[in-house]
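Colleague: Quick one: the structure is below, and I'll ask about it shortly.
No lab work stands behind these numbers, since they all come straight from the coordinates. It should be emphasised that the depicted structure is a prediction, and the values quoted were computed from it without experimental measurement. Glycine gets a Cβ as well: all are built from the backbone with ideal geometry, and neighbour counts include every protein chain shown.
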Amino acid sequence: MPERRKMPRYPLQLRVYMPEFDRWGRTSDVSIEGCHIHIDAPVSEGHVTDFMIELPVVGTVCLQGYVQHHNPGEGGFGMQFVQVRFAEEQGEFYTIFANFLKCVPHLEKIREYYDRLVETGRLRRCLPPGGEGAAGG
């Protein structure tokens with residue numbers, strides 16, 4: 001099937017909270033238009049809900065979306081963001097989220113530079129005790 005998405009997507013793992021179900025989950029694929037959320041929640045396609053995404057360094061933003069597709073076997077669902085024109089606070093949260101995403105390509109370049117230094121032996125990857133760092137490695 002050909003790719004239909006118009007906006008870049010990033011493999012970001014961000015914490016997500018859905019107050020309607022009192023459940024935490026994670027994103028795995030994020031764009032300005034939506035994201036994939038891995039969470040155990042009883043949703044079906046078309047379900048509209050509020051949710052929160054924790055943005056590193058920035059803070060938590062409250063967004064709203066609807067379930068675009070749901071495949072229980074895949075462990076989550078695709079969420080399309082909804083912007084409510086009359087909800088000023090939600091619009092501001094969405095603007096913060098959009099500005100955060102604009103920084104991601106720069107962060108990816110920094111990560112590529114770090115990886116190159118490790119691969120060439122100029123630097124060794126620093127890992128905290130007990131596992132990998134937040135960005136993986």
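Colleague: Kindly provide the pair-distance distribution of segment 15-119 built from C-alpha pairs, with 5 Å bins from 0 and whole-percent values in order of increasing distance.
Modeller: All Cα pairs, binned at 5 Å, distribute as 2, 12, 21, 23, 16, 12, 7, 4, 2, 0, 0 percent.
Colleague: I need the phi-derived Karplus couplings for segment 112-123: 6.51 cos²θ - 1.76 cosθ + 1.60, θ = phi - 60°, integer Hz, Gly and Pro marked x.
Modeller: Ordered by residue, 3J(HN,Hα) equals 4, 4, 4, 4, 4, 4, 5, 4, 8, x, 7, 8 Hz.
Colleague: In segment 11-52, which residues have a backbone nitrogen under 17 Å from the label point lying 7 Å from residue 98's Cα in the Cα-to-Cβ direction?
Modeller: 31-35
Colleague: Once amide H atoms are built 1.01 Å from N in the peptide plane, which residues 5 or more positions from residue 29, or in another chain, come under 5 Å H to H?
Modeller: Here the answer is 12, 36, since their amide H atoms fall under 5 Å of that of residue 29.
Colleague: Could you give me the ³J(HN,Hα) list for segment 28-35, computed from phi with Karplus coefficients 6.51, -1.76, 1.60 and θ = phi - 60°, whole Hz, x at Gly and Pro?
Modeller: Coupling constants for segment 28-35: 9, 7, 10, 9, 5, 9, x, 7 Hz.
Colleague: Tell me, what is the FRET efficiency for residue 127 and residue 15 to the nearest 0.05, using R0 = 25 angstrom and their Cβ-Cβ distance as r? Before the final figure, lay out each step's value.
Modeller: Values: r = 21 Å, r/R0 = 0.84.
Efficiency, from the Cβ-Cβ distance: 0.75.
Colleague: Need the full-extension length gain, residue 118 to residue 45, defined as separation in residues times 0.36 nm minus the C-alpha distance. One decimal, nm.
Modeller: Details: separation 73, 0.36 × 73 = 26.28 nm, distance 4.35 nm.
Value of the extension gain: 21.9 nm.
Colleague: Here is a follow-up. Binning at 10 angstrom from zero up to the longest distance, how are the C-alpha pair distances of segment 91-132 distributed in percent?
Modeller: Result, from short to long distances: 25, 29, 27, 16, 2 percent.
Colleague: For the chain, modelled as a GNM with alpha-carbon contacts under 10 angstrom, which of 113, 66, 94 fluctuates the most?
Modeller: With Cα springs under 10 Å in the chain, the top fluctuation among 113, 66, 94 is at 113.
Colleague: Using Cα springs under 10 Å in a Gaussian network model of the chain, which residue among 124, 26, 111 shows the largest mean-square fluctuation?
Modeller: Checking each option, the largest mean-square fluctuation is seen for 124.
Colleague: Across segment 40-49, in residue order, what do the Karplus-derived ³J(HN,Hα) couplings come to in whole Hz, using 6.51 cos²θ - 1.76 cosθ + 1.60 with θ = phi - 60° and x for Gly and Pro?
Modeller: 8, 9, x, 10, 9, 4, x, 5, 9, 8
Colleague: As a check on your grasp of the helix formula, calculate [θ] at 222 nm for the chain: sum -39500 (n - 2.57) over DSSP H runs of n ≥ 4, divide by the residue count, round to the nearest 500. Mind dumping the intermediate values first?
Modeller: On the way: 1 runs with 32 residues, N = 137.
For the chain, the value works out to -8500 deg cm²/dmol.
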